[in-house]
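Here the structure is laid out as structure tokens; the discussion comes afterwards.
We did not get these values from a lab; they are worked out from the coordinates using the rules stated. Treat the numbers as computed from the prediction; the structure is a model and nothing was measured. For neighbour counting, all protein chains shown are included, and Cβ atoms are generated from backbone atoms with ideal geometry for every residue, glycine included.
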Amino acid sequence: MMDFWIILTAVLVASACSILGCFLILRRMALVGDAISHAVLPGIAIAFLMSGTRDSMWMLLGATAFGLLTVFLIQTLQTSGLQSDASIGIVFTALFAVGVLLISLNAQHIDLDLDCVLFGEIAYVPWDTWTLGGTEMGPRAVWMLGITLTVILLLIGLFYKQFKICAFDPAMAAACGIPVLLFHYLLMGLVSMTAVSSFESVGAILVVGMLIIPAATAYLLTNRLGVMIGLSVAVGIVSAVGGYLVSYLLDASIAGCIVSMAGILFILTLIFSPSHGLIVKFARKREAAGVL
Amino acid sequence: MNRETKRETAAAPLSVTGMTVAYQKKAVVENVSFTLPEGRLVALIGPNGAGKSTLLKAVLGLVPSISGSVAIYGDTYKKMRSRVGYVPQRESVDWDFPTDALDVVMMGRYGHLGWIKRPGRKEKELAMNTLEKVGMADFARRQISQLSGGQQQRVFLARALAQEADLYVMDEPFAGVDAATEKAIIALLGELKRAGKTVLVVHHDLSTVEEYFDHVLLLNKKLIAAGSVETTFTPQLLHETYGGKLAIVSSGGREALVGE
């Protein structure tokens, strides 16, 4: 049963991250995903201090608020003339530092292990259960991730065409009357929600891997957005399950194994992809040279 | 639906009054006012950095303007959005995006579909028709990164046609295209004109202005002049627009103008 909960958690994290990751990399915002996943830390800490509990609803709200604040601050710095990479670097490290500070200052009040926040400890997930009216409902993380994934599927499903055109051609989208800014913040809100729901399992740092690697792998395999999202989720799930099995065999960090597995799948795709792979590209070059 | 009554009230396709746009306190477009006559092909010309693209974007509400108002067929852009088709600069999007030509053209319908509705068979048919019009039907399922620059430009034009608008705004559609595409665009402009549409085009090549367009707007931050090609596309006004950056080459009794 323990294994089941851990694998389910990993699969949920992988699915949520893989879907959002597609939109992030197509909008060239991979690093903003990175920034959000770190900058939600003060949100988690403040929600902890204010509510005094590990109540997930509070954490979700606090972290989402900080996620959106991060995006807003990055944009404000950019429009005031700072380079985009520098803006991202300043905002997320500063907010992350505030989070670390808050947690270490209030260590006696906060039942939150900094190592766990950073690197995740998915093995503890089954013990942290949610009780409703005396009935045990299963691990809290599974519920949180389940809700997050449902919201993602619902919003992306309903507004697929808006998310797509905002990623491809925001100017055209705006000219058509699509509220580009709203969908931008909606996407960023979803990334924040995912980051905070995932931090217990894969941690603030490795969640970036799950956001970017499966999506980047899928990008190398297809020329259609719908297919890319599907493949991305598949890569995410294979990494989650495969990574768990490897960690069992090696007795190593589960989150580390999952992201390493995703990395291996990416490298294999980079080499062997039938459309974008290095081998195919090399063969095409040879062929072209042969023709000449 | 009541387009006829609209025409009777004689509201111009596009009327801009006192438009000023600034980037970080530096004015890029200064106090520009003009009115486009209906059913004409209009070239917006001026040197690099004259604010041509910016003016278009401000008209469409894509960049904020400091002052000025825009009327489209006598009403606000917000209300008249569905009557405007926009062709952005080709470089403004990522052509490596995982999608094909047909899919991009269907995006032209998104504004008409409302919040929830997805493009269906009707949209697909319309998109195929417009691809046909620009000679790209054979490339409908081609991934967009595998198209040449000119073909990509034609996909963008097809997308604007799919918007079924009355006023078209095009940002440098002729920039860096091959001869076949240039021909296709000219044919398309002629067709739009015959259908009574109004087209505003940012244009760079001064040597083709007289051949392709009826009307010109000369812009260099301020509007230098606006009017028919015969009265406004004159060496004197062009000099005023381009300053010292314009060379007039005389050959065979005919003057050719070379911008920058």
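Looking at chain B as a GNM with Cα springs under 10 Å, which of B:Phe174, B:Phe213, B:Phe97 has the largest mean-square fluctuation?
The residue that fluctuates most here is B:Phe97.
Can you give the relative contact order of chain B as a percent, counting alpha carbon pairs under 8 Å and 6+ residues apart? Don't jump to the answer; show the numbers that get you there.
Values: 483 pairs, mean separation 64.1, N = 260.
Value for chain B: 25 percent.
For the residues B:Lys52, A:Lys285, B:Lys25, what sequence is obtained by ranking on other C-beta atoms within 10 Å, fewest first? Can you show the working numbers first?
Details: B:Lys52 23, A:Lys285 10, B:Lys25 6.
Listing B:Lys52, A:Lys285, B:Lys25 from fewest to most nearby Cβ atoms yields B:Lys25, A:Lys285, B:Lys52.
Let's test the formula: R0 of 45 Å, r as the Cβ-Cβ distance of B:Gln24 and B:Gln236. What FRET efficiency results, to the nearest 0.05?
Working: r = 34 Å, r/R0 = 0.75.
Step by step, r from the Cβ atoms, then E = 0.85.
Anyone know which of B:Leu62, B:Leu36, B:Leu126 comes out most mobile in the 10 Å Cα GNM of chain B?
Most flexible of the set in this elastic network: B:Leu62.
Of A:Asp34, A:Asp85, how do they rank once you tally other Cβ atoms within 10 Å and put the fewest first? Could the numbers behind the result be given before it?
Values: A:Asp34 21, A:Asp85 10.
Ascending Cβ contact count within 10 Å gives the list A:Asp85, A:Asp34.
List the pairs from B:Lys78/B:Lys124; A:Lys161/B:Lys221; A:Lys164/B:Lys193; B:Lys26/B:Lys78; A:Lys285/B:Lys124 whose alpha-carbon separation is above 29 Å, in the order I gave them. Kindly include the intermediate steps, with their values, before the conclusion.
On the way: B:Lys78/B:Lys124 26 Å; A:Lys161/B:Lys221 37 Å; A:Lys164/B:Lys193 32 Å; B:Lys26/B:Lys78 27 Å; A:Lys285/B:Lys124 36 Å.
Going by Cα-Cα distance, A:Lys161/B:Lys221; A:Lys164/B:Lys193; A:Lys285/B:Lys124 fall outside the 29 Å limit.
Around A:Ile122, what is the net charge, scoring Lys/Arg as +1 and Asp/Glu as -1 over all other residues with Cβ under 12 Å from its Cβ? Each step should come with its number before you reach the end.
On the way: positive: none; negative: A:Asp3, A:Glu121, A:Asp128, A:Glu200.
Value of the local net charge: -4.
Mind checking the full-extension length gain between A:Tyr160 and A:Thr79? Use 0.36 nm per residue of separation minus the Cα-Cα distance, one decimal, nm. Please report the intermediate quantities before stating the final value.
Working: separation 81, 0.36 × 81 = 29.16 nm, distance 2.83 nm.
Stretched out fully, the A:Tyr160 to A:Thr79 stretch lengthens by 26.3 nm.
May I have the pair-distance distribution P(r) for chain A, computed from all Cα-Cα distances with 10 Å bins from 0 and rounded to whole percent?
7, 27, 33, 22, 8, 2, 1, 0
Quick one: length gained pulling A:Phe72 to A:Arg28 fully straight, 0.36 nm per residue minus the C-alpha distance? Display every interim value, and only then the final one.
Working: separation 44, 0.36 × 44 = 15.84 nm, distance 1.68 nm.
Gain in length upon complete extension: 14.2 nm.
Students often check this: by mean Cβ neighbours within 10 Å, which of B:80-93, A:150-163, B:157-170 ranks highest, and how do the rest follow? List each step's numbers first, then the result.
Numbers: B:80-93: 20.3, A:150-163: 16.3, B:157-170: 24.3.
Descending mean neighbour count gives B:157-170, B:80-93, A:150-163.
How crowded by other chains is B:80-89, given as the mean number of beta carbons from other chains within 10 Å of each beta carbon? Can you show the working numbers first?
On the way: counts 0, 3, 2, 0, 2, 2, 6, 2, 5, 1.
Mean partner shielding for this stretch: 2.
Which ordering of A:Tyr248, B:Tyr73 is given by a fewest-first count of other beta-carbon atoms within 10 Å?
A:Tyr248, B:Tyr73
Only bridges whose two residues both fall in the protein assembly as shown count here: according to DSSP, what percent of them are antiparallel, nearest 5?
Working: 28 of 45 bridges.
Antiparallel bridges make up about 60 percent of those DSSP assigns within the protein assembly as shown.
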